[in-house]
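Following: one structure in structure tokens, then a few remarks.
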């Protein structure tokens, strides 16, 4: 199969098996995003999963429909032609996917909104490392805060470019994601997301200046004025990368 839409097909069978064995999928509804050449799809089906695969490229969809015609007719597999950043997701319990690098962030946030029990997901290694960067450290960013607010993330293993065709320029990392309710209550999740985005758009500035700089664009000027008046000075004079999850919740919940 030829690569489409920045996909790098996982061709190392040992790597495929390691991913498929990270979670018991027998009898479970599994969502696979970006099935590509179907290597991981086959491994999931062999382990007793009911797979719903979403593929962006129509040519790959046709090829998958041919390869897995028996499984499709038997109700074990559904191949959906669609863009996983915006198409509807079916109900599912587990997601096991080699996500396209360029859409990793959008798809991850959509998955967390959809809700599931556990995810086994492959990312570019740099992206995975940012996901697990601890709050209050210089490596922490918007991705770190948003993912860790709604899920626990466990790094499983790295894969070198040699495991893929064509070879990517970077290493990949497989992680397990366990969605959960926020540790610190959040009154308005949309406002919380806007606050986190606003703060990390000016991460080298203080929280006070980040909020002022986002007034009228990402945040309501009136809300910013009231938040600055109500927040403690120790938060207002900190930089976003020095804040903890509790601090982001405090800012978003202040009024």
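In the list 111, 64, 31, which residue meets the criterion of being surrounded by 20 or more Cβ atoms within 10 Å (Cβ to Cβ), in a strand (DSSP E or B), out of contact with any helix residue (DSSP H, G or I) (no Cβ under 6 Å at 6 or more places or on another chain) and at pLDDT 95 or above? I'd like the intermediate steps shown before the answer.
Values: 111 fails: in a strand (DSSP E or B); 64 fails: in a strand (DSSP E or B).
Matching residue, one of 111, 64, 31: 31.
What number of residues within region 114-147 are assigned to a helix (DSSP H, G or I) and within 11 Å of the chain's Cα centre (by Cα)?
In the first step, residues of region 114-147 are kept if they are assigned to a helix (DSSP H, G or I); the result is 114, 125-131, 142-147.
With the extra rule that they be within 11 Å of the chain's Cα centre (by Cα), the set shrinks to 127-128, 131, 143-144, 146-147.
Total satisfying the criteria: 7.
Exactly one of (1) without any contact (Cβ under 8 Å) to a residue 40 or more places away in the chain; (2) closer than 20 Å to residue 143 by Cβ; (3) touching a strand residue (DSSP E or B) at 6+ places or on another chain (Cβ under 6 Å) is unmet by residue 205. Its number?
The one condition residue 205 does not meet is (3).
Residues that are under 19 Å from residue 167 (Cβ atoms) and at pLDDT 95 or above: does region 41-49 have at least one?
At the first step, the residues of region 41-49 found to be under 19 Å from residue 167 (Cβ atoms) are none.
No, region 41-49 contains no residue that is under 19 Å from residue 167 (Cβ atoms) and at pLDDT 95 or above.
Quick one: in region 156-177, of everything that is in a strand (DSSP E or B) and over 16 Å from residue 95 (Cα atoms), which residue is modelled with the lowest pLDDT? Talk me through it step by step, then tell me what you get.
The initial filter retains those residues of region 156-177 that are in a strand (DSSP E or B), namely 156-159, 164-165, 172-177.
From what's left, over 16 Å from residue 95 (Cα atoms): 157-159, 164-165, 172.
Numbers: 157: 98, 158: 98, 159: 98, 164: 96, 165: 92, 172: 97.
By that ranking, first place goes to 165.
Considering only region 158-167, state which residues are surrounded by fewer than 20 Cβ atoms within 10 Å (Cβ to Cβ), touching a residue at least 60 places away in the same chain (Cβ under 8 Å) and touching a helix residue (DSSP H, G or I) at 6+ places or on another chain (Cβ under 7 Å).
167
If I ask for residues that are within 20 Å of the chain's Cα centre (by Cα) and within 15 Å of residue 42 (Cβ to Cβ), which ones from region 53-87 would you list?
Residues satisfying the conditions are 53, 55.
Could you run through region 1-28 and say how many residues are within 21 Å of residue 89 (Cα to Cα) and at pLDDT below 95?
Within region 1-28, residues that are within 21 Å of residue 89 (Cα to Cα) and at pLDDT below 95 number 2.
Conditions tested, residue by residue: (1) without any contact (Cβ under 8 Å) to a residue 24 or more places away in the chain; (2) touching a strand residue (DSSP E or B) at 6+ places or on another chain (Cβ under 6 Å); (3) under 28 Å from residue 125 (Cβ atoms).
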| position | (1), (2), (3) |
| --- | --- |
| 140 | no, no, yes |
| 175 | no, yes, yes |
| 197 | no, no, yes |
| 223 | no, no, no |
| 228 | yes, no, no |
| 231 | no, no, no |
| 235 | no, no, no |
| 241 | no, no, yes |
| 248 | no, no, yes |
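Right, residue 117: farther than 12 Å from residue 35 by Cβ and surrounded by fewer than 18 Cβ atoms within 10 Å (Cβ to Cβ) or not?
So residue 117 fits the description; yes.
Give me the residue from region 200-217 that is surrounded by fewer than 17 Cβ atoms within 10 Å (Cβ to Cβ) and under 27 Å from residue 181 (Cβ atoms) and, out of that set, nearest to the chain's Cα centre (by Cα).
The residue in question is 201.
I'd like the residue in region 88-103 that is over 19 Å from residue 38 (Cβ atoms) and at pLDDT 95 or above and, out of all such residues, is surrounded by the fewest Cβ atoms within 10 Å (Cβ to Cβ). Write out each step before concluding.
Filtering region 88-103 for residues over 19 Å from residue 38 (Cβ atoms) gives 88-89, 91, 93, 101-103.
Then drop every residue that is not at pLDDT 95 or above, which leaves 88-89, 91, 93.
On the way: 88: 8, 89: 20, 91: 10, 93: 17.
Among them, the one singled out is 88.
Looking at region 43-61, which of its residues are closer than 15 Å to residue 29 by Cβ and part of a helix (DSSP H, G or I)? Steps first, please.
Within region 43-61, the first condition is being closer than 15 Å to residue 29 by Cβ, and the residues that meet it are 44-45, 47-54.
44, 45 - these are the residues of region 43-61 that are closer than 15 Å to residue 29 by Cβ and part of a helix (DSSP H, G or I).
Kindly indicate whether any position in region 219-233 is within 23 Å of residue 137 (Cα to Cα), at pLDDT 95 or above, in a helix (DSSP H, G or I) and touching a helix residue (DSSP H, G or I) at 6+ places or on another chain (Cβ under 7 Å). Explain how you work it out, then say what you get.
Step one: of region 219-233, the residues within 23 Å of residue 137 (Cα to Cα) are 231-233.
Okay, now just the ones that are also at pLDDT 95 or above, so 231-233.
Add one more test, that the residue is in a helix (DSSP H, G or I), and what stays is 233.
Imposing the further condition that a residue be touching a helix residue (DSSP H, G or I) at 6+ places or on another chain (Cβ under 7 Å) reduces the set to none.
Checking region 219-233: not a single residue is within 23 Å of residue 137 (Cα to Cα), at pLDDT 95 or above, in a helix (DSSP H, G or I) and touching a helix residue (DSSP H, G or I) at 6+ places or on another chain (Cβ under 7 Å).
In this structure, is residue 58 more than 27 Å from residue 106 (Cβ to Cβ) and in the same structural domain as residue 124 (by TED's automatic domain parsing)?
Numbers: more than 27 Å from residue 106 (Cβ to Cβ): no; in the same structural domain as residue 124 (by TED's automatic domain parsing): yes.
No.
The values are calculated or read from the model by the stated rules, or taken from the named source; none is laboratory data. Keep in mind the model is a prediction, meaning the values are calculated, not measured. Every residue, glycine as well, gets a Cβ built from its backbone with ideal geometry; the counts of neighbours run over all protein chains shown.
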